[in-house]
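Have a look at the structure below before the remarks.
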Amino acid sequence: MDIQKVGVIGAGQMGNGIAHVLALAGYDILLNDISQDALDKGKTLIAKNLERQVSRDKISAADMDAALDRISTTLKLPDLGATDLVIEAATERETVKTAIFEDLQPHLQSHTILTSNTSSISITRLASRTDRPEKFMGFHFMNPVPVMQLVELIRGIATDEETFKSCLAVVEKLGKTAATAEDFPAFIVNRILMPMINEAIYTLYEGVGSVRSIDTSMKLGANHPMGPLELADFIGLDTCLAIMNVLHDGLADTKYRPCPLLTKYVEAGWLGRKTDRGFYDYRGDEPVPTR
Ligand code: CAA
């Protein structure tokens, strides 16, 4: 199927990155969120990140202007009915995602493909709550979307081959690389990455190392671009905890139990960069460890 118009639900961290790369690749984007403020912030961030690419000669100023022109915004979910592909990138809560799909589906054209950028929730279960399980799949981008090369494509049990091929063609048009994952808890990237981050938090919790020594060890000892605690703050500690819970509940293995220290940070509302505090405090000029 020839996809031209894409609806993106959620203008936050992931949604604005997804709208950014799709617009740059030539798709017409309709970006939706529940508040005008969220849409304005999302669009401002897209402009800032595009400018950053212009200043590093990755794209031209004309590419930036054309991409920005291709992005329209709307507060009305039914407006997305006119698109060929919908990528849902709302909050990582199943009830929120299900409610969005329920509200949206009466307005969709019959050919529209529905996808979710969920990092861990069952695609088959989300699909089963829609009117089109065969045209539903997981479309999982990595953060920061404009920089990260990978997109995970996850088929639900009912996803048909045409839907998969259409989504794969979008990934290829973006110049990104797809990895196909089966629909099991947290798919591939988070199945491997999150237990590593959770183990880093246990390493801190048990006093084996400090925040700095743990991050330095993995940066310089394993050549990771960010230490695991810095990366946890970057992803969002609430998201990390949600994914560990999906692994723990879905695979029923104690090796996935979330570290109590991760739970404590989330309960404190110290969710990482987005709240200015997590394993580091970002309120000053330089990040300072909080333990
Ligand atoms: N938009 C556009 N460009 C961006 C950008 C953005 N949002 N963020 C960074 N960049 C660009 C910079 O302009 C820079 O470009 P050049 O190479 O042309 O100079 C490049 O990316 C590197 O950025 P910086 O120099 O600012 O900083 P850095 O070298 O420290 O790299 C980083 C930043 C790319 C984020 C790097 O630290 C990194 O790769 N970290 C790991 C990220 C990661 O693991 N992401 C996956 C998280 S897991 C996930 O997303 C799945 C999930 O479901 C939770």
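Rule-based calculations on the coordinates, nothing more; no lab input. Small disclaimer: the values here were computed from a predicted structure and weren't measured. No Cβ is skipped: glycine too gets one built from the backbone with ideal geometry, and neighbour counts run over all protein chains shown.
Structure values in brief
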| read-out | value |
| --- | --- |
| Nearest-ten-degree value, helix 161-173 long axis tilted from longest Cα axis of the chain | 70 degrees |
| Choice from R125, R155, R56 with maximal GNM fluctuation in the chain (Cα, 10 Å cutoff) | R56 |
| Inter-centroid distance (Cα atoms) of region 104-179 relative to region 188-240, Å | 28 Å |
| Listed residues P78, P225, P185, most fluctuating in the chain (Gaussian network, C-alpha, under 10 Å) | P225 |
| Among beta bridges that DSSP assigns inside region 1-158, antiparallel share in %, nearest 5 | 20 percent |
| Residue order, fewest to most surrounding Cβ atoms within 10 angstrom, among K176, K255 | K255, K176 |
| Sorted by Cβ density within 10 Å, fewest first, the residues R93, R277 | R93, R277 |
| Helix 13-24 axis, angle to the chain major axis (alpha carbon atoms, nearest 10°) | 40 degrees |
| Ranking of C167, C259, C240 by count of other Cβ atoms within 10 Å, fewest first | C259, C167, C240 |
| Residue with peak Gaussian network fluctuation, the chain [Cα springs, cutoff 10 Å], from D183, D28, D160 | D160 |
| Full-stretch length increase - L150, F234 - with 0.36 nm per residue and alpha-carbon distance subtracted | 28.5 nm |
| Considering only the chain, percent of DSSP beta bridges that pair antiparallel, nearest 5 | 25 percent |
| Student exercise, the chain dipole from Lys, Arg, Asp, Glu Cβ charges, in Debye to nearest 20 | 460 debye |
| CD proxy at 222 nm, helix term only [per DSSP H run n ≥ 4: -39500 (n - 2.57); per residue of the chain; nearest 500] | -14000 deg cm²/dmol |
| Extreme residue, positive dipole direction of the chain, given options T263, M148, Q105 (C-beta unit charges) | T263 |
| Long pairs among K5/K176; K135/K173; K173/K219; K43/K219, criterion Cα-Cα beyond 30 Å | K173/K219; K43/K219 |
| Fraction of beta bridges assigned by DSSP in region 113-263 that are antiparallel (%, nearest 5) | 40 percent |
| Inter-site label distance for I192 and D131 at 7 Å from Cα along Cβ, in nm | 4.0 nm |
| Difference of contour (0.36 nm per residue) and Cα-Cα distance, E182 to V96 | 28.6 nm |
